[in-house]
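Notes follow once the structure below has been shown.
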Amino acid sequence: MATSPWWASESFWRKTAIWVTGVSLVVLILLTFDSMRQITAGSKRVPAYSAINYRIEYKFDEKRYVQVPVRGIKEPLFGKELSEQEAEALVAKGKMTIQAKNCINCHTLLGNGAYFAPDLTKSWLDPYWGSKETREQLMVDFIKDPSNKLHNALGRRMPNLGVTDEEARGVVAFLKWMSTIDTNGFPYNFKSMQQEN
Amino acid sequence: MATTGVLDSANLNGGQKLAAKYFIAAMILFGAQLLFGLLAGLQYLEPDFLFGVLDFNVNRMVHINALVVWLLYGFLGSVYWLLEDEAGHPVVGLPLGNLVFWVLTTAVAVVVLVFLLAQVGPGEMSTIWFINEGREYIEAPRWADIGIVVSVLVFFYNVAATFTKGHYTGIGGVLVMDLLALFGLYLAGMFYVTNVSIDQYWWWWVIHLWVEATWEVMVGVIMAYGLMKTLGVRRRIVETWLYIEVALMFGSGILGLGHHYFWIGTPEYWLTIGGFFSALEPIPLVAMVVHAVFDAGVNKIKNSNHPTMAWLIAHAFGNFFGAGVWGFMHTLPQINLYTHGTQWTASHGHLAFFGAYATINIAFFYLAMQKWRGNVWMEDALPGNGWKWKWALGLLSMGTVGMTMAMLVSGYEQSQIERAIEGSTWAGYFAAQAHPWFVQGMWWREAFGLMTAAGYALLVWDLLTIGRGEQRPMVDVQDKLTILSGRASATAIGST
């Protein structure tokens, strides 16, 4: 039987497959360690949960050429400043509720999920909520019972998911915190609500 | 004595009998996937339809979960199908394998019922444990996760032990390593974390490293066996190709994971790494097309099972276009900034899952029916000139391609109007959703969805009837074509 040239031999490709897979995996693991460090809550890219004590803005960065979240003046959520632990507990309640109510199968978070309802990445900053004075209460009321409130001209509505007051406040806290994450400019060209006095 | 032309389990080996169960359950779940997809699609057009009863999030969740589970069932079945043949040894731990099938299937049924009846729960850990984990594609509650892990451990033991007691082929070695990775990755999706960036980071390990890495290698394995069976391609050829595909697939796919790390809070270097490696991801899919089409060509498409061969070719092209081309179209961060989270993704998802995975499972369903009926003739000159399988293939493919195109139109419109112009606000989102171009796309999607469903119905009918009463035996391609395929295919990879 004729022998194959090296580039057509089974053993060459078996070894190549093993090496390529191994090296890729090692690189991925190293990058994962670095990424974990950079996205732990309290880092530059993913701020601590107590960021909900401040005004959050989404401003164009001349150097990076995209919008980035910027922490503004103190503006505690629901008018009450929270410690890091209290803030984390509230945001955790919201995150748990978002999973328990299956929000991601209509909405997207950070652009991932379903496409039946708007992306929630910057929902805290959405002009829909009118002004920063009305926003918090409007959001809580909407999440608790959205089905009969104004949504859009299409007739597409969010169902009543039986969210309690405590859960709704947690969801709002989570959404405010999520808007502080540096998402490399996603969503692009977002037109934030007016928050200046 | 095995009988011909009737379904007789005496025609199957132990693993194949179990495989048949997985295939039947897979087909039922495939039907559920289409049904709930149609319901969810209709809600785009008639938002009040089933509002408050079966809301979009429920229908969509069942739609995508049925998809994932039926494809996995197809893979598990395919592995049991080829196991004894490949290892040259009866399946080890078969009674346990049978038990696991029933446990797993009962768990799937319970999870679906809870999804449909309970739907959501309070914002507490108990909901995550018993109702819904609320993470796309892996919504199954934690108790089911644990059940799945135990089941796949048994499955893995059965496969590895069978190869160990028999002998490891190249296909067997790749299969065992791939299963280890595939099942291990599931663990990355089994914890709760408040930090949404970390949540999505690990969630993508499961989703991406499944569908764009380990599942692709899995279908490479299944394809290798399928080509040997239907075309009589020599083992050395398919196994060399398999190693090439593993190298290219993992070489591009593992770091291609980075294209999911553009916008979730992860560092900027992922824009470069993800963009570069995911741009390479189509290459192994081209290799797969070359491999399948070339081998079919050198064998003058003489094969022992025409429906299987047709679906294998559909797989090669579907994988290339759906996963490769449609994925590449929006994978670079410069375009993905506008397309991420729009109907573009849905367009890509539909063609990719169908092209890469549904097709090859269906190919194996036909292989199974052929043997189950006693290795009957399944080439040309079938009753009615084989119109049922041909129309099923046509309707399912055209239906999926139609849905893909329709959603692509909607996706273009959404990227332009919602993202580029309106800036992704709530108002911008709905301005795009109300646009006639978007709405048109949703109508066409539903229409092509119905075409897909018609193809499914025909497929079920065909699988139930093909080979019934057939008395002509299968002609073994391995006997007929060894010399030809050996000579011609060897040339293909450079032998002299």
### Message
I'm told A:Leu82 meets every condition in (1) over 20 Å from A:Pro69 (Cα atoms); (2) more than 7 Å from every other protein chain (Cβ to nearest Cβ); (3) under 13 Å from the mean Cα position of the chain (by Cα) except one. Can you identify the failing condition by its number?
### Response
(3)
### Query
In segment B:89-107, what residues are surrounded by fewer than 16 Cβ atoms within 10 Å (Cβ to Cβ) and either touching an Asp or Glu at 6+ places or on another chain (Cβ under 7 Å) or under 11 Å from B:Tyr22 (Cα atoms) (or both)?
B:Pro90, B:Asn98, B:Trp102
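Test of understanding: among B:Val233, B:Val238, B:Val246, which residue is in a loop (DSSP other than H, G, I, E, B) and in contact (Cβ under 8 Å) with a residue 60 or more places away in the chain? Let's see the steps before the verdict.
On the way: B:Val238 fails: in a loop (DSSP other than H, G, I, E, B); B:Val246 fails: in a loop (DSSP other than H, G, I, E, B).
Result: B:Val233 is the single residue among B:Val233, B:Val238, B:Val246 that is in a loop (DSSP other than H, G, I, E, B) and in contact (Cβ under 8 Å) with a residue 60 or more places away in the chain.
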### Query
Restricting the search to segment A:1-39, which residues are within 7 Å of chain B (Cβ to nearest Cβ), part of a loop (DSSP other than H, G, I, E, B) and either touching a Cys at 6+ places or on another chain (Cβ under 6 Å) or not hydroxyl-bearing (Ser, Thr, Tyr) (or both)?
A:Ala2, A:Pro5
### Sole exception among (1) more than 23 Å from B:Glu124 (Cα to Cα); (2) over 21 Å from the mean Cα position of the chain (by Cα); (3) more than 7 Å from every other protein chain (Cβ to nearest Cβ); (4) at pLDDT 90 or above for A:His151, by number
(4)
### Query
So, in segment A:154-168, of the ones that are within 11 Å of chain B (Cβ to nearest Cβ) and either touching a strand residue (DSSP E or B) at 6+ places or on another chain (Cβ under 9 Å) or assigned to a helix (DSSP H, G or I) (or both), which residue ends up surrounded by the most Cβ atoms within 10 Å (Cβ to Cβ)?
A:Glu167
### Task
Mind telling me which of the residues B:Tyr157, B:Tyr168 ends up being out of contact with any Asp or Glu (no Cβ under 7 Å at 6 or more places or on another chain), more than 19 Å from B:His260 (Cα to Cα), part of a loop (DSSP other than H, G, I, E, B) and not small (Gly, Ala, Ser)?
B:Tyr168
### Message
Given the condition closer than 30 Å to B:Ser415 by Cα, within 7 Å of chain B (Cβ to nearest Cβ) and within 18 Å of the chain's Cα centre (by Cα), answer yes or no: does some residue in segment A:69-77 qualify?
### Response
no
### Task
Scan segment B:134-191 residue by residue and report those that are within 18 Å of the chain's Cα centre (by Cα), of a type in the set (Ser, Thr, Tyr) and farther than 30 Å from A:Lys15 by Cβ.
B:Tyr137
### Task
Starting from segment A:78-101, keep only residues that are without any contact (Cβ under 8 Å) to a residue 12 or more places away in the chain, then list their pairs with residues that are of a type in the set (Ser, Thr, Tyr) and part of a helix (DSSP H, G or I) whose Cβ atoms are within a distance under 6 Å, requiring at least 6 positions of separation or different chains.
A:Ala100/B:Thr127
### Message
Contact list please: Cβ distance under 9 Å, first residue in segment A:65-77 and over 15 Å from A:Ala48 (Cβ atoms), second residue assigned to a helix (DSSP H, G or I), pairs at least six apart or on different chains.
### Response
A:Val66/B:Leu337; A:Glu75/A:Asn53; A:Glu75/A:Lys132
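Could you please let me know if B:Asn132 is of a type outside the set (Val, Ile, Thr) and more than 30 Å from B:His89 (Cβ to Cβ)?
Judged against the criteria, B:Asn132 is a match.
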### Message
Would you confirm whether or not segment B:253-272 contains a residue that is in a helix (DSSP H, G or I), out of contact with any strand residue (DSSP E or B) (no Cβ under 9 Å at 6 or more places or on another chain) and over 30 Å from A:Tyr188 (Cα atoms)?
### Response
no
### Message
Condition check: surrounded by fewer than 21 Cβ atoms within 10 Å (Cβ to Cβ), small (Gly, Ala, Ser), within 12 Å of chain B (Cβ to nearest Cβ) and more than 27 Å from B:Gly37 (Cα to Cα). Does A:Ala87 satisfy that?
### Response
no
### Query
Checking B:Thr127 against (1) touching a residue at least 40 places away in the same chain (Cβ under 8 Å); (2) assigned to a helix (DSSP H, G or I); (3) crowded, with 21+ Cβ neighbours inside 10 Å, which test does it fail?
(1)
### Message
Here is a list: B:Ala346, B:Ala381. Which entry is surrounded by fewer than 21 Cβ atoms within 10 Å (Cβ to Cβ) and part of a loop (DSSP other than H, G, I, E, B)?
### Response
B:Ala381
### Query
What do you reckon, is B:Leu255 of a type in the set (A, V, I, L, M), within 23 Å of B:Leu185 (Cβ to Cβ) and free of Cβ contacts under 8 Å to residues at least 24 places away in the same chain?
yes
### Task
Pairs only if they're at least six apart or on different chains, beta carbon under 7 angstrom, first in segment B:192-203 and facing another protein chain (nearest Cβ under 7 Å), second among the charged types (D, E, K, R); list them, first residue then second.
B:Thr194/A:Glu88; B:Thr194/A:Lys95; B:Val196/A:Lys95
### Query
For residues in segment A:170-181 being within 24 Å of B:Phe56 (Cα to Cα) and either among the acidic types (Asp, Glu) or more than 10 Å from every other protein chain (Cβ to nearest Cβ) (or both), which is surrounded by the fewest Cβ atoms within 10 Å (Cβ to Cβ)?
A:Leu175
### Task
Answer yes if at least one residue in segment B:328-343 is without any contact (Cβ under 8 Å) to a residue 24 or more places away in the chain and more than 14 Å from chain A (Cβ to nearest Cβ), and no otherwise.
yes
### Message
For a quick check of your reading of the model, give me the residue pairs whose first member lies in segment A:43-57 and is more than 14 Å from chain B (Cβ to nearest Cβ), whose second is in a helix (DSSP H, G or I) and at pLDDT 95 or above, with beta-carbon atoms closer than 8 Å and at least 6 apart or on different chains.
### Response
A:Asn53/A:Leu77; A:Asn53/A:Ala87; A:Ile56/A:Trp124; A:Ile56/A:Leu125; A:Ile56/A:Lys176; A:Glu57/A:Leu125
### Query
Restricted to segment B:258-291, and to residues that are in contact (Cβ under 8 Å) with a residue 60 or more places away in the chain, among the aliphatic types (A, V, I, L, M) and under 25 Å from A:Ser43 (Cα atoms), which residue is farthest from the other protein chains (Cβ to nearest Cβ)?
B:Leu271
### Task
Output the residues belonging to segment A:103-124 that are free of Cβ contacts under 8 Å to residues at least 24 places away in the same chain, within 7 Å of chain B (Cβ to nearest Cβ) and part of a loop (DSSP other than H, G, I, E, B).
A:Ala114, A:Tyr115, A:Pro118
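The values are calculated or read from the model by the stated rules, or taken from the named source; none is laboratory data. Every value quoted in this text rests on a predicted model; they were computed, and no experiment measured them. Heads up, the Cβs are rebuilt from the backbone with ideal geometry, glycines too, and the neighbour counts pull from every protein chain shown.
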